[in-house]
Amino acid sequence: MKIAPSILAGDLADLASVLDVCRDGGADLVHVDVMDGHFVPNLTFGIPVVEALARRTSIPLDVHLMVSNPDRLLDDYLAAGATWVSVQVEAAVHLDRLLDRIRQGGARAGAVLNPATPLASVEEVLGRLDYVLLMSVNPGFAGQAFLPYVLDKARRLRLRIDSLGLQVEIEMDGGIGPDNITEVAEAGVDICVAGSAIFGAADPVTRMQELRKVGDWSKRARSSR
Ligand code: DX5
Ligand code: ZN
């Protein structure tokens, strides 16, 4: 199980320390929530912030674009050092073209689905994706409650990817923590984003290690069934 701490839930006045915590906990990716105040009500990390993060860490930056106009912003985030980039399908008028641009920019290409967005919205491009990010909260804020119905969506997506023999990874984002990571892993998720569960813990490094351990164990149990 890959763990991607969401830095939005960390101390935003001390992002260098947040990155140190990610390193010490063995984070596989650093999840960066880019919000534009339009696609979602909140406003977060601009391009210079992503540049600064990329200078400071060698952990791949997993940039989740919650913006109304990914077409206009994409190249700047790629140039800033994003190595994984996902766009919300609800905001992508030309999803196929955006995914090509992400890969041409040297990054791994992801499509994000809000909880209510059906899997059919990525069916035609599954073969051109490196990962699908399933939102398990409505995007906009850290610290929201997990929506359990998304687990079934993950199970169906896992079956579809496996039946096509594709290598597409499934990432899940929102409200994940020690109480539900077992179910998330059993549903076939490969990458868990966690914000509050990590940065709200008394010891974020230990929490990250625990999440990975439980996630790995549950994934192994799933694949041995
Ligand atoms: C929600 C963001 C998430 C969020 C995760 O809009 O996309 O990445 O920061 O935070 P938690 O784990 O606290 O729900
Ligand atoms: Zn996110």
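The values are calculated or read from the model by the stated rules, or taken from the named source; none is laboratory data. Everything numeric here is computed off the predicted structure, so don't read it as measured data. Cβ: placed from backbone, ideal geometry, glycine included. Neighbour counts: every protein chain shown. Heavy atoms of the whole protein, side chains included, go into the accessibility calculation; ligands, DNA and RNA do not. Shrake-Rupley method; radii C 1.70, N 1.55, O 1.52, S 1.80 Å.
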### Message
With the structure loaded, tell me whether PRO115 is of a type outside the set (Ser, Thr, Tyr) and within 15 Å of ligand 2 (Cβ to nearest atom) or whether it fails that test.
### Response
yes
### Summary
Within region 183-209, residues within 16 Å of ligand 1 (Cβ to nearest atom), within 21 Å of PRO148 (Cβ to Cβ) and outside any loop (DSSP other than H, G, I, E, B) come out as GLU183, VAL184, ALA185, ILE191, CYS192, VAL193, ALA194, SER196, ALA197, ILE198
### Message
Report every pair of residues separated by at least 6 positions or lying on different chains whose Cβ atoms are under 9 Å apart, first residue within region 190-213 and under 14 Å from VAL18 (Cα atoms), second within 14 Å of ligand 2 (Cβ to nearest atom) and acidic (Asp, Glu).
### Response
ALA194/ASP173; GLY195/ASP33; GLY195/ASP173
### Subset of region 32-55 that is surrounded by 19 or more Cβ atoms within 10 Å (Cβ to Cβ) and in contact with a Phe, Trp or Tyr (Cβ under 9 Å, 6 or more places away or on another chain) - its residue that is farthest from LEU95 (Cα to Cα)
LEU53
### Query
Among all residue pairs at least 6 apart or on different chains, which show Cβ distances below 6 Å where the first residue, located in region 75-86, is at negative phi and the second is in a helix (DSSP H, G or I) and not aliphatic (A, V, I, L, M)?
ALA80/GLU51
### Query
Just a yes or no: is a residue in region 56-70 among the aliphatic types (A, V, I, L, M), open to solvent by less than 30 Å² (accessible area, probe 1.4 Å) and more than 30 Å from PRO118 (Cα to Cα)?
yes
### Summary
Quick count over region 79-113, residues being in a helix (DSSP H, G or I) and β-branched (Val, Ile, Thr), is 2
### Message
Taking the criterion of being in contact with a helix residue (DSSP H, G or I) (Cβ under 8 Å, 6 or more places away or on another chain), touching a residue at least 40 places away in the same chain (Cβ under 8 Å), within 25 Å of ASN180 (Cα to Cα) and surrounded by fewer than 17 Cβ atoms within 10 Å (Cβ to Cβ), would at least one residue in region 119-131 satisfy it?
### Response
yes
### Query
Right, VAL49: farther than 30 Å from ARG222 by Cβ, within 14 Å of ligand 1 (Cβ to nearest atom) and not in a loop (DSSP other than H, G, I, E, B) or not?
no
